[in-house]
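In what follows, a structure is listed as C-alpha cells, so that the remarks can point back to it.
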Amino acid sequence: MKQLVILGSTGSIGTQALDVVRKHGFGVTGLSAHSNVQQMERQVREFHPHAVCMVREDAAKDLRQRIADTGTQVLSGEEGLCELVRLEQADMVLNSVIGMVGLRPTLAALEAKKQLALANKETLVAGGKLVMETARKNGVKILPVDSEHSAIFQSLGGHNPINRVNKIILTASGGPFFGYTSEQLRQVKKEDALKHPNWDMGAKITIDSASMMNKGLELIEAVWLFGVRPEQIEIVVHRESVVHSLIEYEDYSVIGQLGVPDMKIPIQYALTYPERTSCPVGRLSLTEYGKLTFYSPDEQTFPLIRTCREAIKRGGLFPCAANGANEEAVRLFLQDKIGFTDIFTLVDEAMRKQKQVEEYTLEEILEADKAAREYVRTHAAKKF
C-alpha cells in the first residue's frame, strides 16, 4: 500500500487528495497545514499519520495539546515540512502548499528520492533549473498535478518525446473577468475576483486566475516540466474548462485530455500513475455541454501573460522575481490595500528590476524572492 505525505492537506488540493485516499485506501504517513488546527485534528484522528507539521508554531503548540492522546508527532515551520517529506515510511510526497514555502520541501523530497506529485507551481517558477537538476540527479520523476500539466503529461502518454512536438496548447478558463476592458478591471473588488466560474480553489489561486497570472505561471512551469521553449506554448481561453490542454505533434495531429472540471482526476492520476482506476467524479457528457468555445487571450487587458513569457525568456531569477512580486501584490489586494490592476504594474516592474544571472543557488532564489516582495511593498506604499 502506497504511503503518502500530503503537504497542504487542509487546502483545496489536499482535501480532494484525501477523498482519493479514502476511495483507494492509500496509507497516510504525513500531513501538513499552515494554521488550520481544527481540520488537522480531524485528519489526524481519521488517518493516523506518523507525523504532521503546522507551519505556524502557535498552531503546532495548540495541535500538540489537542492530539496528545494519539501517537502522532507534531512538527513546525519550514524545517518541519522538510523533516516530514524525509520520513522513512513515505513512498510519495504530494506538495500542494501555496507559495514559495513549497520550494525547500520540494528539494528535500527529491534529495530523499521520494516520488513527487507537484501541485505547488511556485516551486518550478522560482527555482525551475535547480529543481529539475535535483530531480535528474536523484532519478525522481515529477508527476504534475495541475490540471493543465497533467493533461499535457497524459497526452504525451506519460513519456516525453518532446522532439516530436510542435507546440503545447495551454487552455485557460479566462476567469471571472473574461471580456472585461481595462477600465472595467480598475473597478473590480476582491469579492468579484474570488468568484471563479468553474473551479473551487483557494483565494490566492483564484485571484491569479482572475488576473491570468495563473496562466503565465503555468507557461513557465511547462517550460521546465516538458523541456520546451516559451515560443512553443500557445495559450487559448476555453471557457468551459473541459479540454484541459493539448499538444500538437510535428505531423499536426493534436491530442488533448478532456474531463469534467474536477481536480480529483489529475490528483488521482498522479497518485496512481501509471495505472488508471475509477475516480470519485462526475462523467463527462459532451452532449450536455453542446458546444466548446475557444478564444485568443486579451494580453493587452491581461498583461501578466506577457510579463511571465518575458521572464522565462530572460531566464535566471526573472521568473522568481515575477512570482514573489505577484504573491505580495495579491496579498495586498486581498487586504484592500491596492487595486486589481495595480497587481499588473507592480509585478511587471519588480520582474524587470531583477538582475541577470545564469546559475543560482537556493539562497539566491530566496533573496530574489525577498527583494521582489520588498519592491512591491515599498512601491505600493508610495503610490497608494
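Annotations
- Within the assembled protein chains, the solvent-accessible surface assigned to residue 46 is about 90 Å², based on a 1.4 Å probe.
- By a 1.4 Å probe calculation restricted to protein chains, residue 79 has an accessible surface near 110 Å², given to the nearest 10.
- Annotation: residue 180 carries an accessible surface of approximately 80 Å², with a 1.4 Å probe and no ligand, DNA or RNA atoms counted.
- Working note: Cα atoms of region 88-208, range along each principal axis, descending, whole Å: 50, 35, 23.
- Per-residue ellipticity at 222 nm from helix content only, as computed over the chain with -39500 (n - 2.57) for each DSSP H run of at least four residues, stands at -14500 deg cm²/dmol.
- Label separation (residue 313 vs residue 353): 2.3 nm, computed from points 7 Å beyond Cα along the C-beta direction.
- Summing charges over neighbours of residue 76, with a neighbour being any other residue whose Cβ is under 13 Å away from its Cβ, gives -3 when K and R count +1 and D and E count -1.
- Each Lys and Arg contributes +1 and each Asp and Glu -1, all at the Cβ; summed about the Cα centre of region 7-164, the dipole is approximately 420 debye.
- Close amide H partners of residue 53, meaning residues 5 or more places away or on another chain with modelled amide H under 5 Å apart, are 31, 32, 33, 75.
- Karplus 3J(HN,Hα) series, Hz, for region 102-108 with 6.51 cos²θ - 1.76 cosθ + 1.60 (x for Gly, Pro): x, 5, 4, x, 4, 4, 5
- Placing unit charges on the Cβ atoms of the charged side chains and taking the dipole of region 231-348 about its Cα centre, the candidate lying farthest along the positive direction among 249, 236, 334 is 334.
- Percent accessible area from carbon and sulfur atoms, region 259-307, protein chains only, probe 1.4 Å: 49 percent
- Per principal axis, descending, Cα span of the chain in whole Å: 57, 51, 41
- For region 211-226, no residue has its backbone nitrogen under 19 Å from a point 7 Å from the Cα of residue 292, taken along Cα to Cβ.
- Comparing 331, 283, 314 in a Gaussian network model of the chain where C-alpha atoms under 10 Å apart are linked, the largest mean-square fluctuation is found at 283.
- Region 237-277: GluC sites (Glu not before Pro) in DSSP loop, at most 12 other beta carbons within 10 Å: 250, 275
- Here the scattering of region 11-91 is modelled by Debye summation over its C-alpha atoms, one equal scatterer each and no solvent; at q = 0.17, 0.18, 0.20, 0.26 Å⁻¹ the log10 of I(q)/I(0) is -0.61, -0.69, -0.86, -1.40.
- Rolling a 1.4 Å probe across the protein heavy atoms gives the chain an accessible surface of 42 Å² per residue.
- Taking a Cβ cut-off of under 15 Å around residue 252, the surrounding Lys, Arg, Asp and Glu residues balance to a net charge of -2, with basic ones at +1 and acidic ones at -1.
- Angstrom value of the Kirkwood radius, inverse mean 1/r, which spans all Cα pairs in region 134-271: 15.9 Å
- Charged-residue dipole, Cβ positions (Lys, Arg, Asp, Glu), the chain about Cα centre, Debye nearest 20: 160 debye
- Dipole axis of region 185-296 (+1 Lys, Arg; -1 Asp, Glu on Cβ), positive-most option in 293, 227, 270: 293
The values are calculated or read from the model by the stated rules, or taken from the named source; none is laboratory data. The shown structure was predicted, so the numbers you read here are calculated from the model rather than taken from an experiment. Heads up, the Cβs are rebuilt from the backbone with ideal geometry, glycines too, and the neighbour counts pull from every protein chain shown. Accessible surface areas use protein heavy atoms only, side chains included; no ligands, DNA or RNA. Shrake-Rupley method; radii C 1.70, N 1.55, O 1.52, S 1.80 Å.
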